[in-house]
Amino acid sequence: AAHGRGAGGGARARMIYNMYIFNRDGVCLFYREWHRSIRTAESNQEDQKLMFGFLFSLKHLVNKFTPESGAPGFHACHTNKFKLNYYETMSGLRFVINTDPRAADMRECLRHIYSNIFVEFCAKNPLYDRGKPLDNQLFEQSLETYLENHPAFRS
Amino acid sequence: AAARTHRAPTTAPARARPPASAQNFSPNAAKLKSNDQLMCASTLNGLALILKELSPVGGARPMAALEATSFTLAALDTATGLKFFVVAEPGTQGLDVVLRAAYVLYCDYVLKNPFYELDMPIHCDRFDARLGRLLADVPR
């Protein structure tokens, strides 16, 4: 259902393109796309590795530019065509959502996805295996429901 | 507090030159030694291109802006392969306009200077003075 949305073309403001979740070791726990028109990497795995490498290097660069008294970390970067929203937890989990560049601040949305969806359905699940990609129906359903109803993404 | 900016134009990645100019305009700016500045500028150049590769939609250009907790960074890529970027206090607006104005200053005071050699470090007093005035006037 989500894939059919916005198929009319034309102005598609505030749209979500895709999402990644990585753990601190670089394993991609979750990847989902809603609207993706091009793919430069040969496979999803290559794309995920590139994304993780990018985030890793960017984090170090941000540390270099952060003044001594400043708080570390970053939450977004963008190009003319898309905006990459980022949230990193204390435990090293990294949440990335790529959206339309005009989308609003996604920090609260990502924080909600972590605290209220990931923690509830994954971390608290006794069968959750930390190093492996997620395979959790409840998590995916809640995530879809939350994003589809998020005010910024009703297209 | 004065607008905190640190600026460094670099050339296109194919030539990988060190920054022609990198200056701090505020005591709050991160203190980077010239070697670090070189490294940061090259890293940023590379990462800007990788972000373009990661794009889920076609027609993306390299990274134009980066929002961090304690600073915001804006970049400008010119048609000739030059790259300008500025680091400022979080929430500063209009940095793309500032970068365009800096580009104009570069063209007027550096490129049109008959003694300036392309890709060499910039040592033009007038350029520095005008740039300083431009950045001092950035709206908070």
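Here are a few things to note about the model shown:
- Couplings 3J(HN,Hα) of segment A:29-41, computed from phi: 6, 7, 9, 9, 10, 10, 9, 9, 9, 10, 9, 8, 7 Hz, in residue order, whole Hz [Karplus 6.51 cos²θ - 1.76 cosθ + 1.60, θ = phi - 60°; x for Gly and Pro].
- Candidate lysines - alpha carbon under 16 Å from residue A:64, same-chain residues fewer than 8 apart omitted: B:31, B:33
- Selected from B:113, B:39, A:127, residue furthest toward positive end of dipole (the protein assembly as shown; charges at beta carbon): B:113
- Our helix-only sum for the protein assembly as shown, with -39,500 (n - 2.57) per DSSP H run of n ≥ 4 divided by its residues, gives a mean residue ellipticity at 222 nm of -9000 deg cm²/dmol.
- For the residues of A:31-41, the average number of beta carbons from a partner chain within 10 Å of their own beta carbon is 3.
- Here the peptides A:138-150, A:75-87 are ranked by packing, the mean other Cβ count within 10 Å, and the order with the highest first is A:75-87, A:138-150.
- About its Cα centre, the dipole of chain A is roughly 360 debye, where the only charges are +1 on Lys and Arg Cβ and -1 on Asp and Glu Cβ.
- The mean count of C-beta atoms from other chains within 10 Å of the C-beta of residues in A:124-132, rounded to a whole number, is 0.
- Straight-line cross-link reach from residue A:81 at under 14 Å between alpha-carbon atoms covers these aspartates and glutamates, not counting any fewer than eight positions away in the same chain: A:100, B:53.
- Hits among lysines - C-alpha to C-alpha of residue B:112 under 20 Å, sequence gap 8 or more where chains match: B:83
- Shown is the FRET efficiency for residue B:128 and residue B:39, computed with R0 = 22 Å from the Cβ-Cβ distance and rounded to the nearest 0.05: 0.40.
- Unit charges on C-beta of K, R, D, E only; dipole of the protein assembly as shown, Debye: 360
- Comparing A:41, A:103, A:71 in a Gaussian network model of chain A, where Cα atoms under 10 Å apart are tied by springs, the biggest mean-square fluctuation is seen for A:71.
- Phi-based couplings in Hz for segment A:146-153 (Karplus 6.51, -1.76, 1.60; Gly and Pro marked x): 4, 5, 5, 8, 5, x, 6, 10
- Applying 1/(1 + (r/R0)^6) with R0 = 51 Å to the Cβ-Cβ distance of residue B:137 and residue A:144 gives a FRET efficiency near 0.60.
- Legend: mean number of C-beta atoms from other chains within 10 angstrom of residue C-beta atoms, peptide B:37-45, equals 2.
- Backbone amide hydrogens, once placed in the peptide plane, bring residue A:76 within less than 5 Å of A:86, B:67, excluding anything fewer than 5 places away on its chain.
Bear in mind that the values in this text are calculations on the coordinates, not laboratory data. Worth saying up front: this structure is predicted, and the values here are computed from it rather than measured. Every residue, glycine as well, gets a Cβ built from its backbone with ideal geometry; the counts of neighbours run over all protein chains shown.
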